[in-house]
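Okay, so here's the structure we're looking at.
The values are calculated or read from the model by the stated rules, or taken from the named source; none is laboratory data. The model shown is predicted, which means the values in this text are computed figures rather than measured ones. Cβ placement follows ideal geometry from the backbone for every residue including glycine, while neighbour counts extend to all protein chains displayed. With ligands, DNA and RNA removed, areas are computed over all heavy atoms of the protein, side chains included. Shrake-Rupley method; radii C 1.70, N 1.55, O 1.52, S 1.80 Å.
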2 protein chains.
Amino acid sequence: MQHVPSVPDEFETSDPRRYRIFLLDLLGVMAYGELSAFERLSSDARFSPTLNDRATLGQRAVAEFSHYELIAAHLGSLGADAQEIMGPFVASIDAFHDRTRPADWYESIMKAYVIDAISADFYLALSRHLDPQTQRVISEVQVTEAQSDALMNRLKDALADHPRLSSRLALWGRRLVGEALTQAQRLGIERAFLEGLIGNPQDSEDTDHVAKLFASLTRAHSRRMNLLGLTA
Amino acid sequence: MQHVPSVPDEFETSDPRRYRIFLLDLLGVMAYGELSAFERLSSDARFSPTLNDRATLGQRAVAEFSHYELIAAHLGSLGADAQEIMGPFVASIDAFHDRTRPADWYESIMKAYVIDAISADFYLALSRHLDPQTQRVISEVQVTEAQSDALMNRLKDALADHPRLSSRLALWGRRLVGEALTQAQRLGIERAFLEGLIGNPQDSEDTDHVAKLFASLTRAHSRRMNLLGLTA
């Protein structure tokens, strides 16, 4: 017998109250993720090797803030208050940042590069289970390819200039992705995102779906590390 | 005999090479002032009492970054590189920030309120001695009245909620303005802005012009403190 996991419209229309809880939780995580990324990135910008690098990181931080504003506006349009919805996620996202505090500017841009990309993959994977308005917001809050390439090229230059950075940044990349996936799984379990959106973890086939999602996030991360010439 | 200080067009056209040096210095100070304000404000945002306050401070920081970008673009249009032009001012502006490190979030918004306003007054006072393109940039990089009112109202609320803040913030306001004017005077002397733009400090009548500018900056600051119910 073929198992069919809960799918978007079905879920949204069959249990609108439950859908709304999931949706607000997801948007709350995203909103606070962007707001805190903005603050961390712009604080780290100060330690950039050159003023141009500071401006580059500043631009990236400003982009994260505009994403926060888009998500907050979407929450507003759903009759929810961003501050209230973000509240439950502050402690765990702050703890994530504390566990992944960059030791220098290179680790800081590596963190922006790795975490933004894997978050984007994660939200896009969930996106197809969501309503069209939310899908649109999720597609708008993605870092553009140009922004992502700018960081990647800056990292490549840094690795070419300082070959000893390689092993440190490779290790850092692994640590970041490990923490990010742990975080996503914890949020998924605590707040039942993944259960609600892609299946029920009590069900072995659904667990398999979750495992597949995480495997695909890891593969995409490995490809990005390879582009930098780093071992994932 | 009536003394006529050097005036804009006269200066700009009579000694274009010297005018360019003054102009680039001024834009360099402004650009680095905005970039560093962006970084400091957004780092401080993390310590806001509420998530709404964090977002408010974040918006303000983003505005400072967009000012930086406008000035950098103007420098580019003058054939100058923002990074190079900002270089000589980094140490003294960083030192200013180190001397005026806010002890908490209230001191941080007070700093934004006081320093942005007095910088705006200072640049606007110089503006009328400058070429029209630069005048336009200076008018564009001003914090809007709405942005300034938002901080003022937030400060008023804070003072109403925590009456003990008054004496601390009054003291802090005096310290900030003292440091800012010292900084402006030092920059003025070291880099000859004021000499070039509003007169020659060797000349007693010109010194008088400089003194008058500083007196008017101080008066405007006192008015702003009074609006908050604080003694300047």
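Things worth noting here:
- Shape class of segment B:72-139 from the Cα gyration tensor (axes a ≥ b ≥ c, square roots of the eigenvalues): oblate, since a/c reaches 1.5 or more and a/b does not exceed b/c.
- Taking each DSSP H run with n ≥ 4 as -39500 (n - 2.57) and averaging over every residue of chain B yields -26500 deg cm²/dmol at 222 nm.
- Counting only Cβ charges, +1 for Lys and Arg and -1 for Asp and Glu, the dipole size of segment B:83-129 around its Cα centre is about 120 debye.
- Taking all C-alpha pairs of segment A:149-192, those more than 17 Å from each other amount to 50 percent.
- Using equal-weight Cα scatterers in the Debye expression, the normalised intensity of segment B:22-149 in log10 at q = 0.09, 0.15, 0.22 Å⁻¹ is -0.25, -0.69, -1.35.
- An ellipsoid equivalent to chain A, defined through the eigenvalues of its Cα gyration tensor, has semi-axes of 32, 21, 14 Å when rounded to whole angstrom and sorted largest first.
- Of the whole protein surface, residue B:98 contributes about 80 Å² of accessible area at a 1.4 Å probe radius.
- Straight-line cross-link reach from residue B:156 at under 28 Å between alpha-carbon atoms covers these lysines, not counting any fewer than eight positions away in the same chain: B:111.
- Distant-in-sequence amide contacts of residue B:231, defined by a placed amide H-H separation under 5 Å and a gap of 5 or more residues or a different chain, comprise nothing.
- Here's the picture: charge each Lys and Arg Cβ at +1 and each Asp and Glu Cβ at -1 in the protein assembly as shown, and of A:209, B:180, B:130 the one pushed furthest to the positive end of that dipole is B:180.
- Cβ-derived FRET efficiency at R0 30 Å, residue A:90 paired with residue A:232, nearest 0.05: 0.50
- Relative to its Kirkwood radius, the Cα radius of gyration of segment B:109-193 gives an Rg/Rh of 1.06.
- Derived from the Cα gyration tensor, the three semi-axes of the equivalent ellipsoid of segment A:11-80 are 34, 10, 8 Å, largest first.
- Label spacing, shortest first and in nm, from residue B:227 to its equivalents in the remaining copies (7 angstrom along Cα→Cβ): 4.7
- Of the DSSP H helices in chain B, those whose Cα atoms cover at least 18 Å axially and whose Kyte score averages -0.5 or more: B:16-45, B:51-77, B:105-127, B:165-191
- Residue B:86 - accessible surface, heavy atoms, 1.4 Å probe, Å² rounded to 10: 0
- Accessible-area value, residue A:156, 1.4 Å probe, nucleic acids and ligands omitted, Å²: 80
- In nanometres and ascending order, the distances from the residue B:90 label point to those of the other copies are 3.5 (point 7 Å from Cα along Cα→Cβ).
- Interface between chains B and A: roughly 2300 Å² of accessible area buried, both sides summed (probe 1.4 Å, protein heavy atoms only).
- In nanometres and ascending order, the distances from the residue B:156 label point to those of the other copies are 5.5 (point 7 Å from Cα along Cα→Cβ).
- Label-to-label distance for residue B:168 and residue A:144 is 4.3 nm, based on points extended 7 Å past Cα in the beta-carbon direction.
- Cut-off 15 Å between beta-carbons: net charge of the residues surrounding residue A:163, Lys and Arg +1, Asp and Glu -1: +1
- Using all pairs of distinct alpha-carbon atoms, the Kirkwood hydrodynamic radius of the protein assembly as shown works out to 24.6 angstrom.
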